[in-house]
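Working notes, beginning with the structure itself.
The values are calculated or read from the model by the stated rules, or taken from the named source; none is laboratory data. Keep in mind that what you see is a predicted model, and the values were worked out from it rather than measured. A quick note on method: Cβ atoms are made from the backbone with ideal geometry, for glycine too, and the neighbour counts reach across all protein chains shown.
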Amino acid sequence: MRLLLLAALLMMNVLAVQAQVPFPTSNATWTNTQYAYVWNPPNPIPDLNLIDLDVYCVLGQDTTIQSNQYTAIYYCQYMYKGALREVNSAVYFVPADSTQEYLLYDFGAQVGQTLQNVYVGNHFDESFMLQDFTVQQTGTEIIGGISRRIVNVESYRWIEGIGCETGLFMEPWPNVSNYENRLECFTLNDQMVYPNESTEPCPYVFVDVNNPENSFISFEVYPNPTLGNINIQINSPISGFLVISNSLGQVVDRFQFRNKQQLEIELEGPKGLYMVEIFTESGERFTSRILRH
């Protein structure tokens, strides 16, 4: 009888730590945003200005790294971000320029457990840090019509099958003074799951400058290839910010602009392929690839 009871208890413990909702491997999108607080006295409530937008996708593409099978994750439609895999409720990540695997989440972690060397990314470039987290609270919540395990690790809230509320790669210092990081929305199979279950699309639109059917704004980026000088001609004045990244995803230039219809940039860096991104105040993101000779 004691052996049967012990076996039953062991089985309950195993079931308790197994992920009930797997981390997605196809047709999923995470939209990550960062806002700056803008104070307008005497109004005590600040405005929120969008200053950064990252959209990540898994498309069902597998990759093998050091004999382990992963799901490739991309900056949607244009650049490889890295690879994900889930093992016994823990999600691991390998960055694009590495074969080193890092712990990203552990949805089976228990209260009081310390998770060591957890990967925490950065909006502005591909840098990251490793942090130790102690689990403070766990529970369950219905999100996207499914009961999901919630793991609170210090200032972060992890949602099983989705990720962290401050962004897929969490972001260091999730809500620091005058800034706010969010997982703006998570969609699966073309339906919004987080923050609200809905058939409506995410409010932030990704638009490739080479395929701009969904926007009234159009761009021309020239010359391409370039020796360093880049001109961007826009069909109407807009406000937003511009980011230029190299083929490793490292940001080499970044600035804001207001009511501009033309931008002139001097691209500094070695020869190679670069990504030019424009983020508008309305939440659209335009991208163009450019080759530096």
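Within the span defined as the stretch 161-176, one or more residues are under 14 Å from Phe107 (Cα atoms), modelled with pLDDT of 90 or more and in a strand (DSSP E or B). Only residues that are in contact with a Ser or Thr (Cβ under 8 Å, 6 or more places away or on another chain), farther than 21 Å from Phe286 by Cα and surrounded by fewer than 18 Cβ atoms within 10 Å (Cβ to Cβ) were counted across the stretch 27-77, and they come to 7.
Quick one: in the stretch 91-115, which of the residues that are of a type in the set (Ser, Thr, Tyr) and part of a loop (DSSP other than H, G, I, E, B) is farthest from Met129 (Cα to Cα)? Outline the logic, then answer.
Quick first cut of the stretch 91-115, residues of a type in the set (Ser, Thr, Tyr) only: 92, 98-99, 102, 105, 114.
From what's left, part of a loop (DSSP other than H, G, I, E, B): 98-99.
Details: Ser98: 14, Thr99: 16 Å.
Filtering the stretch 91-115 for residues that are of a type in the set (Ser, Thr, Tyr) and part of a loop (DSSP other than H, G, I, E, B), the one farthest from Met129 (Cα to Cα) comes out as Thr99.
For beta carbons closer than 8 Å, sequence separation of 6+ or different chains, a first residue in the stretch 238-250 that is under 10 Å from Met275 (Cα atoms) and a second that is among the basic types (Lys, Arg), the qualifying pairs are Val243/Arg254; Ile244/Arg254; Gly249/Lys81.
When Val243 is tested against the conditions (1) loosely packed, with under 14 Cβ neighbours inside 10 Å; (2) out of contact with any Leu (no Cβ under 9 Å at 6 or more places or on another chain), the lone failure is (1). Is it the case that the stretch 159-176 has a residue that's on the phi > 0 side of the Ramachandran plot, in contact with a Gly (Cβ under 7 Å, 6 or more places away or on another chain) and either outside the structural domain of Asn40 (by TED's automatic domain parsing) or among the aliphatic types (A, V, I, L, M) (or both)? Yes: one or more hits. Among the residues of the stretch 89-106, is there at least one that is touching a Ser or Thr at 6+ places or on another chain (Cβ under 7 Å) and touching a residue at least 12 places away in the same chain (Cβ under 8 Å)? Within the stretch 89-106 (the criterion being touching a Ser or Thr at 6+ places or on another chain (Cβ under 7 Å) and touching a residue at least 12 places away in the same chain (Cβ under 8 Å)), the answer is yes, since at least one residue qualifies. For the stretch 78-90, which residues satisfy the criterion of being exposed (fewer than 14 other Cβ atoms within 10 Å of the Cβ) and within 24 Å of Phe128 (Cα to Cα)? Correct list: Val87 only. Taking into account only those residues within the stretch 180-229 that are under 15 Å from the mean Cα position of the chain (by Cα) and modelled with pLDDT under 80, which is surrounded by the most Cβ atoms within 10 Å (Cβ to Cβ)? Looking at residues that are under 15 Å from the mean Cα position of the chain (by Cα) and modelled with pLDDT under 80, I get Phe206.
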